[in-house]
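S.K.: There's a structure below that I have some questions on.
The values are calculated or read from the model by the stated rules, or taken from the named source; none is laboratory data. Nothing here was measured: the structure is a model prediction, and the numbers come from that model. Here the Cβ positions follow ideal geometry from the backbone for every residue, glycine too, while neighbour counts run over all protein chains shown. What goes into the accessible areas is simple: the full protein's heavy atoms, side chains included, and nothing from ligands, DNA or RNA. Shrake-Rupley method; radii C 1.70, N 1.55, O 1.52, S 1.80 Å.
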Amino acid sequence: MPDADRDVQGKEFLNHMADKEQSPLAGRSNHNGKLSQSEKKLQEAICVLLVELCERFTFFGIVCNMIHFCTVKLGYRNYQAAIVNMCFVGTSMLTPVLVGWIAECLVGRIKLVCICMFLHFLGTALLPVVSFPFEDIYIDRRHVLHTLPKREQKIVFYFALLTASLGIGGIRAIVCPLNAYNLEDCGPKELLSFFNWFYWLVNLNSAVVFVSISYIQQSVARNLGFLIPFVSGIMAIITIHMMRGEMIYKPKADSSLLTTFGVIGSALKTHWVRYRYFSGGVTNWLDHAKENYGGQYSEIQVESTKSLARLFPLFTFQILYRTCVMQIPSGYYLQTMNSNLHFSGFVFPIAAMNVISIVPLLILVPILECINSSCLFSSKDTGYSPTIYIVVGQLSAALSVMVAGFSEIHRKHFPQVEQTLSEEVLLVSSMPCFHLTPQYILLGVAEALVTPSCALLSFRLVPERIRGISMHFLALFNGAGCFMGAFFVQTAHAGTQGNWFPHLLHEGKLERFFFFLASLMMVNTLGFWTIAHRYNKLHEDYTSEFRGSLSGEKLLKHEKIIKRYDTVLESSPILSPME
């Protein structure tokens, strides 16, 4: 027995010494693992950014000359082409919310990404077919290779736009949402800096698109330009395929869009019943959705929804602002299209005027970075809030639309001349299109100030668990602004019998539509200014706002169990049935 014990002790001593010798190696391998993990995150961020830029390249390539194609090739009236363009942009903003919900409830994320990639490929492949009367591909001088009748051409065109917008929504919602950039630990200053440079890159990409694709579509090979979005879509698909296992962002499972809508619906239902049959109230109408007030949702779910509901006024005031921004691819585009595009023997591309609205953003972002460091976030107590950027930006948007009205009056004073676009002879004003520069610059300044600041408030002023949902709601209201713009165009055309949004601009009063929109935007700016003080507290820690409520939930569940007469439930579900 002593010999046996001695052998056991010897083996233990040898194992202990071996562990000591292996411990440095283990530490070294862990260090190498950390390095590989950081490199993996860097690769993931780069791939996500590349997919984002490729997707935006595709999107802007489709939008940049859609009005020109609809009016010249499909024979649409001006107001119809503007409505189609705005509805496509609005749909592309709403589809990420729809696809995000489908990914949560119905289909797995990987499977849904494959479906969206196919839809994106299909839409961008069909657009060249539709936009191709094949005028550039001849069998001989008298016969073209193939032509589509107008009716079939429109059907394929709308189907291609729908499938492309669904594919765009899937890529934005699943592959490259903002949460994929790991922004949870960033402060207000870092977040605003990220949003500034993020939109700077996106707009730099769009500037390249508007210059190159618009020139190809309009001058070099006419409708061949729609092949470039197709190639860009293939680039995005290849990038997703290369890193599909690592770059697909998986959100936390403790929050969902359905839960947010469920809390709001339950609170409205319970509030209506209590208001009708019972007296007494609560501090907030959303409290009716809590379990201890007769609802079916936990306190942390309701409190998160309450913090999101505080942003609804901010989102609402973005609707009309987005309507003004949508004048660039609609009303402003029509003004440029009906102005003199010839410059020293060179035909200036219509959509390239959008670059004038992008240049202020590219210049202002570095300047705003210096202002943010010195004034905006210099101190928690004395620093200014980004809401001042939103107020100034919305005022700039209102001035832009007002200047567009005066530019339209100025444009009509010039004599008319003939101008050829895509082999179509149009009667336009002889005013150079560069006279429209001020309205583009003012709207570009507005975008540089409003969009990053609004994204910062939407991301920062809610708990971490629902930041993705907050960005979904911001996209919903921005999409609503696009559809409201389409509604305004349809109403103005129908209510004035085509006078406020005419097909021939020199025969109508387009300036009255701009003045009406500018007056609404001024009221909108004043309305937001009155509530801007609600969104000044950027330095509060919203991530730990509801940690103390978990113990209250547990006490509530124990009280429910004790109050059961001779009956104890085996388990109390933490999540609601809808979640």
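S.K.: How much length, in nm to one decimal, is gained on full extension between L98 and E39, taken as 0.36 nm per residue of separation minus their Cα-Cα distance? Walk me through the intermediate numbers first.
M.R.: Values: separation 59, 0.36 × 59 = 21.24 nm, distance 3.27 nm.
Full-extension gain reported as 18.0 nm.
S.K.: To the nearest 10 Å², what's M117's accessible area with a 1.4 Å probe?
M.R.: Using a 1.4 Å probe on the heavy atoms, I get roughly 30 Å².
S.K.: Using a 1.4 angstrom probe with every protein chain in place, what is the largest-first accessible-area order of E291, E52?
M.R.: Numbers: E291 55, E52 5 Å².
The ordering from most to least exposed comes out as E291, E52.
S.K.: Oh, and also: Mind checking which of G90, G100, L49 is farthest towards the positive end of region 36-107's charge dipole, using Cβ charges of +1 (Lys, Arg) and -1 (Asp, Glu) about the Cα centre?
M.R.: Going by the charge dipole, the pick is G90.
S.K.: Residue separation times 0.36 nm, minus the C-alpha to C-alpha distance between R77 and E152: what's the value? Working shown, then result.
M.R.: Working: separation 75, 0.36 × 75 = 27.00 nm, distance 1.86 nm.
Fully extending the segment from R77 to E152 adds 25.1 nm.
S.K.: For a 18 Å ceiling on Cα separation, which of these pairs sit above it: K189/K306; K412/K509; K269/K306; K73/K150? Provide the component values of the computation, followed by the final result.
M.R.: Values: K189/K306 25 Å; K412/K509 10 Å; K269/K306 16 Å; K73/K150 9 Å.
Among K189/K306; K412/K509; K269/K306; K73/K150, the Cα-Cα distance tops 18 Å for K189/K306.
S.K.: Here is a further query. Not counting ligands, DNA or RNA, and with a 1.4 Å probe, what is F343's accessible surface area in Å² rounded to the nearest 10?
M.R.: The value for F343 is about 110 Å².
S.K.: Please give the length that would be gained between L526 and H506 if that part of the chain were fully extended, namely 0.36 nm times their separation in residues minus their C-alpha to C-alpha distance (nm, one decimal).
M.R.: Numbers: separation 20, 0.36 × 20 = 7.20 nm, distance 3.35 nm.
Answer, rounded to one decimal: 3.9 nm.
S.K.: Which of the peptides 359-367, 509-517 is most tightly packed, and how do the rest follow, going by the mean number of other Cβ atoms within 10 Å of each residue?
M.R.: 509-517, 359-367
S.K.: Once both labels are modelled 7 Å past Cα along the beta-carbon direction, what's the N292-T437 spacing in nm?
M.R.: About 6.5 nm separates the two model spin labels.
S.K.: Rounded to the nearest 10 Å², what accessible area does W500 show when all protein chains are kept and the probe is 1.4 Å?
M.R.: Near enough 70 Å² of accessible area.
S.K.: Determine the order of K111, K189 by accessible area, beginning with the largest, at a probe radius of 1.4 Å. Working shown, then result.
M.R.: On the way: K111 135, K189 90 Å².
Sorted by accessible area, descending: K111, K189.
S.K.: While we're on this one: Can you pull the one-decimal nm distance between simple spin-label points at L201 and F487, each 7 Å off the Cα toward Cβ?
M.R.: With each label point 7 Å from Cα toward Cβ, the separation is 3.6 nm.
S.K.: Going by accessible area, probe 1.4 Å, with all protein chains left in place, what is the ranking of R411, R109, largest first? Don't skip to the answer; put the middle values down first.
M.R.: Numbers: R411 10, R109 50 Å².
So the residues, ranked largest to smallest area, are R109, R411.
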